[in-house]
Amino acid sequence: YTDSSVYEKNVDLTLDSGYVMPSDSLIDSLRNARDNRRLGEVVLLSAAALREVPPAKLHAGFLREAVDGLKTVGLTDEARELTKEVALGLSEKK
């Protein structure tokens, strides 16, 4: 399903805080790279989307895509570390 309205923040269904959702084309590119097991592309696309987004603003769905991509191309330890860093960043948010 590629309707961009799927990614709109519904204020009634989400917390008061905002989040940052990468573009549909970036997510599609990441999925394509993951599906074709292109390690360098998965790493670069994930890094590009995560580079300046604080953990509290990171869209959970994109984090899942990035972690899944890293695991698929064999970077399981790195995927685990990314997940830990985001979790720690969320706990230090205040």
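Of note:
- If you wrap the tightest convex hull around every Cα atom of the range 32-89 and split its volume per residue, you get 64 Å³.
- Interchain or long-range residues, amide H under 5 Å from Leu58's placed H: Val20
- Where Asp68, Asp28, Asp77 fall by accessible area, highest first, once all protein chains stay in place (1.4 Å): Asp77, Asp28, Asp68
- Taking Glu85, Glu52, Glu78 and ordering them by how much accessible surface each has at a 1.4 Å probe, largest first, produces Glu52, Glu85, Glu78.
- Annotation: Thr72 carries an accessible surface of approximately 40 Å², with a 1.4 Å probe and no ligand, DNA or RNA atoms counted.
The values are calculated or read from the model by the stated rules, or taken from the named source; none is laboratory data. Nothing here was measured: the structure is a model prediction, and the numbers come from that model. In case anyone asks, the SASA skips ligands and DNA or RNA and just uses the protein heavy atoms, side chains included. Shrake-Rupley method; radii C 1.70, N 1.55, O 1.52, S 1.80 Å.
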